[in-house]
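Readers should treat all values here as calculations from the given coordinates under stated rules, not as data from a laboratory. Bear in mind the structure is a predicted one, so any value in this text is a computation, not a measurement. Positions of Cβ are backbone-derived with ideal geometry, glycine not excepted, and every protein chain shown enters the neighbour counts.
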Amino acid sequence: MTYSTNRISFSLINTIILCVLALLANLALAYFFGDVLHVPLFLDTIGTVTVVFYAGLVPGLVVGGLYNVLRFVLMVIVGNPPYPWDMMYALCGLAIVLCTWAFIYKNKNLRRGALLTVLYLLLIVLVSAFVSSLIGAGIETAQRIIFNNQIYSSPVKHFVQAFLEGNIGLFLACFITRIPVTVLDRFICTFAGWGLHLILKNHFPC
């Protein structure tokens with residue numbers, strides 16, 4: 001009984017440490033590529049996806065749900081104007097976790113050869129990109145309506161503005177411009193997360 005309890009406690013501690021590291025990785029990557037290099041990608045879910053692949057649904061939801069909240073708090077701490085709407089994008093992170101988990105849960109085919117693995121990962125990329133683009137477009141549409149077409153920051157901000165000049169409608173402009181950016185972002189994050197989870201499993205088996 002003591003051995004079992006100790007094992008559970010050790011596993012829980014490891015999971016907490018993994019979630020903290022994943023959050024820090026997400027924040028660091030988003031800051032480096034977005035704020036320093038100004039790359040028009042999000043790149044803030046590599047840690048999240050890694051946790052889903054390695055530790056499962058609940059830890060993934062924790063990381064996906066906390067990232068935007070933590071980013072908002074840190075932005076305020078360093079002196080940026082408070083913009084609570086940014087926390088709404090946690091819904092995109094949660095959707096990405098659920099889409100990823102839906103394809104890997106009890107899926108024995110996922111590891112039956114490299115080709116099947118790649119195909120499933122590509123499905124995760126496409127589905128999570130579509131769903132997160134819909135949610136992100138909905139959030140940005142609401143933001144622009146409420147704040148008179150002004151948003152604080154977004155990798156697709158300038159693309160949306162260009163499409164709005166074509167009078168195709170606010171939601172469609174927000175949605176269409178997100179698709180190519182989000183697909184590339186999901187491709188990088190999903191495959192990077194899979195690779196990192198393999199490294200973790202080799203060195204720290206669950």
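Things worth noting here:
- Shown here is the pair-distance distribution of the stretch 75-206: with all Cα-Cα distances grouped in 10 Å bins from zero up to the longest one, the shares run 11, 35, 28, 18, 7, 0 percent.
- Relative contact order (percent, whole number), the chain, Cα cutoff 8 Å, 6+ residue spacing: 25 percent
- Rounded to the nearest 20 debye, the dipole magnitude of the chain is 740 debye, with +1 charges on Lys and Arg beta carbons, -1 on Asp and Glu beta carbons, and the Cα centre as origin.
- Candidates Asn202, Ile16, Ala55 compared by Cα position along the dipole of the chain: farthest toward the positive end lies Asn202, with charges placed on Cβ.
- The stretch 98-132: trypsin sites (Lys or Arg not before Pro) in DSSP loop, at most 14 other beta carbons within 10 Å: Lys106, Arg112
- DSSP loop chymotrypsin sites (Phe, Trp or Tyr not before Pro) with at most 12 other Cβ within 10 Å: longest gap in the chain: 1-104
- Rounded, prolate or oblate (a/c below 1.5 giving rounded, otherwise prolate when a/b exceeds b/c) for the stretch 1-115 by Cα gyration tensor: oblate
- The gain in end-to-end length when the Phe103 to Ile168 segment is fully stretched comes to 20.0 nm, 0.36 nm per residue minus the alpha carbon separation.
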